[in-house]
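Since the structure comes first, as structure tokens, the remarks are kept for the end.
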Amino acid sequence: MKKWKKEILLDVPIEFAWCYFYGDITKKKRIFPKVVDEEFIKQTEPIVGSIIKQSYQNGSVTMQYETTIKKYTNEPNYKAIQENFLLNNRFNMTTEYELESQNDNKTKFTYTSINKPKNPLLSIFQLFGSDEIIVNFLNKAKIAIEKDYEQEQENTII
């Protein structure tokens, strides 16, 4: 099992950032460009336990995963969603996106990823894994979300 946890500050309000992680597929595609579509297969009244079919484009291949929501919090100053899915029938993946308001225009974004191989032999390869992909994701998400926020602010002034 390999676990990564990283955080970054976003110069946007928490409510603006939240829809990039839950609820708005168009905005979600801005930080997850390989996401093609998602739809609820099972939607529970408390969001926890809901199952979403997500489609990803990887080159010319479209893959689908059933993602189960394991944690969901939507409070004014703290929002989080944790999802679990099986990647390529090899890795049990748990991802968590946490947003914590620092003030009216700053949000701490924490990303946690836990990769647990189905085959114990794959654990050996994880020993050499770095956090470079996680850091790149955080930076790309920050740039996209802040750029969209800046454009929205400019449009409201005009």
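Here are a few things to note about the model shown:
- Cβ-Cβ distances below 6 Å connect the following pairs, each with a first residue in the stretch 77-106 that is in a loop (DSSP other than H, G, I, E, B), a second residue that is crowded, with 18+ Cβ neighbours inside 10 Å and at pLDDT 95 or above, and a separation of six or more residues or different chains: 77/101.
- Inclusion of residue 12 among residues that are under 12 Å from the mean Cα position of the chain (by Cα) and of a type in the set (A, V, I, L, M) is not warranted.
- When the stretch 32-69 is filtered for residues that are of a type in the set (A, V, I, L, M, F, W, C), within 17 Å of the chain's Cα centre (by Cα) and farther than 20 Å from residue 133 by Cβ, the ones remaining, listed by number, are 36, 40, 47, 48, 51, 52, 69.
- Answer residue from the stretch 45-75, given it is free of Cβ contacts under 8 Å to residues at least 12 places away in the same chain and within 20 Å of residue 18 (Cα to Cα) and is surrounded by the most Cβ atoms within 10 Å (Cβ to Cβ) among those: 73
- Residue in the stretch 3-14 that is under 15 Å from residue 96 (Cβ atoms), exposed (fewer than 12 other Cβ atoms within 10 Å of the Cβ) and either touching a residue at least 40 places away in the same chain (Cβ under 8 Å) or out of contact with any Leu (no Cβ under 8 Å at 6 or more places or on another chain) (or both) present: yes
- Residue that is farthest from residue 55 (Cα to Cα) [pool: residues in the stretch 26-35 that are out of contact with any helix residue (DSSP H, G or I) (no Cβ under 7 Å at 6 or more places or on another chain) and surrounded by 15 or more Cβ atoms within 10 Å (Cβ to Cβ)]: 27
- When 134, 114 are checked against the criterion of being modelled with pLDDT under 95, within 12 Å of the chain's Cα centre (by Cα) and within 16 Å of residue 4 (Cβ to Cβ), a single residue qualifies: 134.
The values are calculated or read from the model by the stated rules, or taken from the named source; none is laboratory data. Being a predicted model, the structure only gives us computed values, none of them experimental. We place every Cβ from the backbone using ideal geometry, glycine too, and count neighbours over all the protein chains shown.
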